[in-house]
Amino acid sequence: MASPEASAVHATGSTPPSPVLDATPYTFHWEMLLKPEVLLFDAQVILGALTVIWLGAHGSLRRPPSAAPPESEDKDEKKKSKEDEQFTEGLTASDAIMFPILAGAVLIGLYYLLEWLKDPNLLNKILRGYMSFAGIAGLGKLSGDALEILTSLIFPSVWSDRSNRLYYVDPKRRSQVLVDPTTNQATITDKKSPFPGVFSRVPLPTGISRLAWEIRHLLTEKWTVRLAAHGVGSFKSQIKFNHLLGFLVSTAITTAYHLVQWHVISNILGAAMCYAAFGMLSPTSFGIGTAVLWGLFFYDIVMVFYTPFMITVAKKVDAPIKLVFKSSSGFSMLGLGDIVVPGLVMALALRFDLYMFYKRQIQYQPIDASSRQASSTDQAATSTTELQFRRTKTPFVESEGQWGNRFWTTKLGNLMPNPARGAVGAATAFPKPYFYASVAGYALGMVFTLTMLQVFNHGQPALLYLVPCVTGSVWLTGLVRRELKDVWGYTEDGSLDTKDVVVTLDADGDEVRKPARDNTKESKDGGKGEKEAEEKEEKTSEEYDVVLFSIKAPRPKPPKME
């Protein structure tokens, strides 16, 4: 909320000038909305919020239930993939009631605590310290993913030239392979550089070329981290070198936040926490997400218009819980809740777009299912034949590392990559009608918020305008596209994640019977079997680990000779 002359929390607000006894009352004129400084400020607020949501939504992409797990022979890779597909927390229907109650309790508690302390400095120090730990985790994730994208831009795995010929970088041969899209025939070229495009034609000395391949190996290969303590337990995961660099970057920025009182660093930490929230939280379904948003819709109205709690806490708390924007008349604030709350539904819309993209690629192979029935009168056996189909899903393509491939396979002036490179399109360039509709709805809601801010010269609850625009845009898109059944039925609770089974289709091509068994149980059983195997190996071994911490990296293989 916000106000151009008065401090605010949820959309924008600025420090009021010193009171003047004979000051003229505020008068709004529509010409004020067309001032260049007002238009520039509004664009700054809207683009800043949408950038955080766009990054967080794409960072939350996971394998949809309409896609098969990616094919991988590495057991650790399969286990890591299963862990990444699960959200830390999924919302339930009861959260539509509990969220406003808990948010109100916390807000009122902070308000009276500030009134009791008189001086908010102590509370600000505690909150800044607590938020710093959360900021390190969120900023580490954001920095690591940003470095991954930068790495894919410098060392892509595929690129195309002006003739749309695809070159694949082969680290085993330390050369580049030209693949004919029509015959799928691969030809080893004389390009010995790991760099794409025009940089691949630059001749490099042997030592520099070897160093470039070593750097590529360091930045793209995964390391296995293992931590174990006897009698306590063990932990095993995979990371990349960029993740370690991201942790160091996040630690440095968080330290600078405490040393330098600069609102830009506070905004970076706030945006990073929003980014991490998108990867951990899921509304589970559009029905639950819509109910939660409308519950917070009424909460926001009450706390801003009818109580002093929201504006007072926002003014006195100095912690990365809001984005601060400088303007010619002071500063304005956008609460992180106004980004995360509608952003969770917008991220769900993006994942639903990915779900529909893979659903349209599901193949149904007809099979005959015959059954025999006995007549009750003459005991004559009758045979009936029912046409059924075997459902086969398309394997999922991870978006990690594909953004650089998309850049180097897309011609200048085009938006879509080379059509011959299907994996790039599946990972990054799939159709996103619901996500774009929600982005348009969010932008429209922010325009309403900033306009009402100017009209009434008083802080505005942004969710008052954002919730109807965001939820309305998603459901209206489903209505226009005649996909309301899919929108209502989509859920991320695991019930849709079924294996390739035999199903029956109706006249419209929809599945009549949904298989009851899903991969969740299979994943749990598989994880349980792996854990039992590890425990059995530890018991049969003559030695055991008292305390263990190790990081293992794959050894670079020498170039394969033809």
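Worth pointing out:
- Other-chain or far-sequence residues with amide H under 5 Å of Gln238's (modelled H): Val225
- The stretch between Val198 and Lys236 holds 9.6 nm of extra length on full extension. This uses 0.36 nm per residue minus the Cα-Cα distance.
- Whole-Hz couplings from phi, Karplus 6.51/-1.76/1.60, listed for the stretch 271-281; x for Gly and Pro: 5, 5, 5, 4, 4, 5, 5, 5, x, 9, 9
- Backbone HN-Hα couplings from phi across the stretch 46-63 [Karplus 6.51/-1.76/1.60, Hz, Gly and Pro as x]: 5, 5, x, 5, 5, 5, 4, 5, 4, 5, x, 5, 6, x, 8, 5, 9, 5
- Across the accessible surface of the stretch 211-268, with the other protein chains kept in place and a 1.4 Å probe, carbon and sulfur atoms take up 72 percent.
- In this structure, the amide hydrogen of Ala68, modeled 1.01 Å from its nitrogen in the peptide plane, lies closer than 5 angstrom to those of Thr394, Phe396, counting only residues at least 5 positions away or on a different chain.
- Each peptide in 200-212, 43-55 gets a packing score, the mean of other Cβ atoms within 10 Å over its residues, and the list from highest to lowest is 43-55, 200-212.
- Spacing of the two label points (7 Å from each Cα toward its C-beta) at Ala229 and Ser550, in nm: 2.0
- Ranked by solvent-accessible area (1.4 Å probe, protein heavy atoms only, all chains present), the residues Val439, Val169 order from largest to smallest as Val439, Val169.
- Across Lys172/Lys192; Lys240/Lys552; Lys222/Lys552; Lys236/Lys552; Lys172/Lys393, pairs whose alpha-carbon gap is larger than 20 Å: Lys172/Lys393
- Ordered from largest to smallest accessible area (heavy atoms of protein chains, 1.4 Å probe), the residues Met273, Met346 come out as Met273, Met346.
The values are calculated or read from the model by the stated rules, or taken from the named source; none is laboratory data. Treat the numbers as computed from the prediction; the structure is a model and nothing was measured. Note: ideal-geometry Cβ built from the backbone for every residue, glycine included; neighbour counts use all protein chains shown. SASA here: full protein model, heavy atoms, side chains in, ligands and nucleic acids out. Shrake-Rupley method; radii C 1.70, N 1.55, O 1.52, S 1.80 Å.
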